[in-house]
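Remarks on the structure that follows.
The values are calculated or read from the model by the stated rules, or taken from the named source; none is laboratory data. The structure displayed is predicted, hence computed values, not measured ones. Here the Cβ positions follow ideal geometry from the backbone for every residue, glycine too, while neighbour counts run over all protein chains shown. Just so you know, the surface numbers come from the protein's heavy atoms only, side chains and all, with ligands and any DNA or RNA stripped out. Shrake-Rupley method; radii C 1.70, N 1.55, O 1.52, S 1.80 Å.
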Amino acid sequence: MLLIQDLDFQNKTVFLRCDINSPIDPTTLKILDISRLVEVAETINALQNCKLVVASHQGRLGKSDYVSMEQHAPVLSKLINRDVKFVADIFGPTAINEINNLDNGQVLLLDNLRFIAEENTEMLPEHAVNSHLVQRLSSHFDYCILDAFSTSHRSHPSIVGFAELLPACAGKIVEREVNALKTIVHDSQIKFTAILGGAKIPDRLKSIQKLIEAGRIDKALLGGLIGNVFLAATGKVPISSTSVDDEKSIVTAKSLLEKYPDKFLLADDVAIDVDGKRTEKSLSDVSPSDKIFDIGQNTIQKYFQQIEKADNIFITGPLGMFENPEFRFGTTEILNKLSNADSKTITSGGHLSAVLEQLQIKNKIYHVSTAGGALVRYLTGEELPLLRALNNSASKHNL
């Protein structure tokens, strides 16, 4: 895998596939957290003497965060102290004209890659090279830089297509992630206490199964919506209180609990909303009309005991509805505990990175990654499409 310092970008036109997919306020549609933009600014600042075209996706089709990249441009401009020009196009005549008219040192940001149907589809590299995106744009670039580690588990055309045709190298984020994690990834004897939260239920269930099957989990401590799925699977709380309506996921969680009963620690008590205020209840007291939004204090103390015994900890996703200050307690308590623990802790995902910044404890964590699902896949030892693309490009172009 080549790095930025291995190639000469002077006066060349460079395609940078990064991941500045950011949390978006569903009401105002404004960016809520700029962690990923801050990260990629380091890569852009290392590319002063080229004509740089930046591309990323934003959100998922049908979701409130599926918006244009237009507001990302001024944020990037401020971070790198250089003008970042936005073009409301991706591979049409307007975008190509802007790319061809770039001067050395200028930066152009393309619109949301997922506005193109094919960027929502996984495909093999040999098919990705025939996508409209790669076919229309690749001849206008000299080099490709892949820095979307948080999307490195997706085999989308922008991730695996350009590197088939162009010399490609890793950006600063990918370089940092690989360097921090390679020892852990390659030592299959290292096991984690995994603290798993968040709301991406199918993805998280797959991750849990993969981590257990790969022998990487000692104990799994659950919270957030994924924790609610497992609570529903135990039958200890009414399904209506969990806000989970995915029967298939509940069946999968039940199967995992039956197959690996010694791996899971679930909540003993939870926090619900009563007239806009946090109220804690034991599981037996939760009624069908209650809504579970966080883990309770007894559960937090139980999780503390496991954290104190752990050598290596992996945490991904908030343990409650942390957007609401009333239900941020579980997440902040666990993160504060981790910052003072003797264990080697890896945090995963932009949400946790933002909370660590707010708590001013980021420097106390061994490795803070804004990647979510990609990091989980990497820890299982699975080869990521983006890293494979970089390795193949280095071999193919004899660099």
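Selection within segment 15-39: residues that are over 16 Å from GLU175 (Cβ atoms) and in a strand (DSSP E or B). The member of this set that is farthest from the chain's Cα centre (by Cα) is PHE15. Of the residues that sit in segment 212-224 and are buried (at least 21 other Cβ atoms within 10 Å of the Cβ) and either of a type in the set (Asp, Glu) or assigned to a loop (DSSP other than H, G, I, E, B) (or both), which one is farthest from the chain's Cα centre (by Cα)? Ranking the candidates gives ARG216 first. In the set (1) in contact (Cβ under 8 Å) with a residue 60 or more places away in the chain; (2) open to solvent by less than 10 Å² (accessible area, probe 1.4 Å); (3) touching a Pro at 6+ places or on another chain (Cβ under 9 Å), PHE192 fails one condition alone, (3).
Scanning segment 346-391 for residues that are of a type in the set (Ser, Thr, Tyr), surrounded by fewer than 23 Cβ atoms within 10 Å (Cβ to Cβ) and either in a helix (DSSP H, G or I) or touching a Leu at 6+ places or on another chain (Cβ under 9 Å) (or both) returns SER353, THR380.
Within segment 286-305, can one find any residue that is small (Gly, Ala, Ser) and modelled with pLDDT under 90? The answer is no; no qualifying residue exists.
Can you work out which of the residues in segment 328-369 that are of a type in the set (Lys, Arg) and farther than 14 Å from GLY317 by Cβ is farthest from the chain's Cα centre (by Cα)? Filtering segment 328-369 for residues that are of a type in the set (Lys, Arg) and farther than 14 Å from GLY317 by Cβ, the one farthest from the chain's Cα centre (by Cα) comes out as LYS337. Of all residues being among the polar types (S, T, N, Q) and assigned to a helix (DSSP H, G or I) in segment 225-256, which is surrounded by the most Cβ atoms within 10 Å (Cβ to Cβ)? Just the residue, please. That would be ASN228.
Taking residues in segment 91-117 that are assigned to a loop (DSSP other than H, G, I, E, B), and partners anywhere that are among the aromatic types (Phe, Trp, Tyr) and open to solvent by 50 Å² or more (accessible area, probe 1.4 Å), the pairs with Cβ atoms closer than 8 Å and at least 6 places apart or on different chains are ASN112/TYR66. Beta carbons closer than 7 Å, at least 6 apart along the sequence or on distinct chains, pair a first residue in segment 214-235 that is without any contact (Cβ under 8 Å) to a residue 60 or more places away in the chain and more than 19 Å from GLY320 (Cα to Cα) with a second that is crowded, with 24+ Cβ neighbours inside 10 Å and not acidic (Asp, Glu) for ILE217/ALA194.
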